[in-house]
Every structure is written in C-alpha cells, then in structure tokens.
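Only the coordinates and a few stated rules stand behind these numbers; no lab work does. Keep in mind it's a predicted model, so treat the numbers as computed, not measured. No Cβ is skipped: glycine too gets one built from the backbone with ideal geometry, and neighbour counts run over all protein chains shown.
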Amino acid sequence: MNGQVLFQNEDIYFGNNIPAAVKQVLLEATRVYPDLAATEVLLEKAQSMAPQQLEVYYARYKFYFYNKRLELAEQIVLEGLKQAATQAGFAYDWLKLDEFSGNWLEPNDTERFYLYTLKALGFIFMRQARLTESATVLNKLKQLDQLDTVGGSVVMDILTGLQESINEAA
C-alpha cells in the first residue's frame, strides 16, 4: 500500500463526502507506511471515526490483502459489502442479488464500491485457493456488472488459467 493505492492526487477513490478529519487519518496512514503496526492503528482509527465511510473499508481491505493477511481482508470485505448494501438499500447477501437489485449499469458511488468489493472477494478467495467460491463470486459479479465496468473479467481470466493449470497437472 502506498499513496497510489488509496489516493490519486490526494483524492480518495469512491469518495464524495469524506469528513476532513477522516481524510487526514487516511493520508497519515499512507505516510507512515511501511510501519505496518502504525498504519493498521490509523486505519482502525479512521474506521471508528466513520464506520459508514466506504473508503475506509476499501483502505483497510487493501492494506490487509497487500500484507497477505487474507482472513482479515476477507472479513473487512464482507463488512464493506454489508455497509454498502445497507446504504444502497439492497440485500446484504450477494447471492440474492440480480441485475435488477441495483443500478448496476450506471453504478453510483455506493454500487460501484459494492462491485469493486465483490471483485476483491473473488480475488481473495482465489488467493486462498478457494477456487469454487471464487468462481461463484466472479460469476455473480458478471451477472451484476454486465458491462464489466470494474474489470471482473480480468480476475475471471486469471482464475480460469489457474484452474486449467491445475487440471493439466492432475
């Protein structure tokens, strides 16, 4: 995680109304990296300051993912999906969603966050060698994001290649 992962020109991805104090804590988290303990404390502080702020979930799951703490990344992804579903007003259980559950074709910030975070879940499952679960998530993402606006097809291609190599080796 570096400034490029969370920020672009000091703007946080997916964000419109991030409280200034939370933004400062997130910026500080990028400044203290690679001090992992300090970064983690700051990310947790940001979460406690603004538990509804989707950008904080994004920052936290990226941090844990890049530091190979996949169980924690998965936990934060699931919490972020739940928060986004609550904010957007659709079902928390992504398996129950369909193309009519939200405005997926032109996603607003909350729906775009949801789609990106679902993609992250598929990638986390793949990294944990939970290939069937990864495929299930990525197929759901394909159903919801029919225009592939968040690039789920790229992760699906990686998964397909991995499955083919495993089948060839068997």
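Against the longest alpha carbon principal axis of the chain, how many degrees, from 0 to 90 and to the nearest 10, is the axis of helix 70-88 turned? Tilt of helix 70-88: around 80 degrees. From most to least packed by mean Cβ count within 10 Å, the peptides 83-90, 32-39 give 83-90, 32-39. Number of Lys-Lys pairs in the chain with C-alpha atoms under 15 Å apart and a separation of 8 or more places or on different chains: 8. Helix 54-66 and the longest principal axis of the C-alpha atoms of the chain enclose an angle of approximately 70°.
The relative contact order of the chain comes to 16 percent, based on Cα pairs under 8 Å that sit 6 or more residues apart.
Considering only 103, 17, 67, the Gaussian network model of the chain with Cα springs below 10 Å gives its largest mean-square fluctuation to 17.
Please give the helix 36-49 orientation as an angle from the longest Cα principal axis of the chain, in degrees from 0 to 90, rounded to the nearest 10. The angle comes out near 80 degrees. Basic side chains Lys and Arg get +1 at the Cβ, acidic Asp and Glu get -1 at the Cβ, and with that the dipole of the range 108-170 about its Cα centre reaches some 180 debye. Placing +1 on the Cβ of every Lys and Arg and -1 on the Cβ of every Asp and Glu, with nothing else charged, gives the chain a dipole about its Cα centre of roughly 340 debye.
Among 145, 157, 109, the largest mean-square fluctuation in a Gaussian network model of the chain, built with springs joining Cα atoms closer than 10 Å, belongs to 157.
A crude spin-label estimate for the pair residue 38 and residue 96, with each label 7 Å from Cα along the Cβ direction, gives 4.4 nm. Across the options 43, 81, 107, the greatest Cα extent toward the positive end of the charge dipole of the chain (unit charges at beta carbon of Lys, Arg, Asp, Glu) belongs to 43.
If you take the square roots of the eigenvalues of the alpha-carbon gyration tensor of the range 30-70 and sort them as a ≥ b ≥ c, do you get rounded (a/c under 1.5), prolate (a/b over b/c) or oblate? Because a/c hits 1.5 or more and a/b fails to exceed b/c, the range 30-70 counts as oblate.
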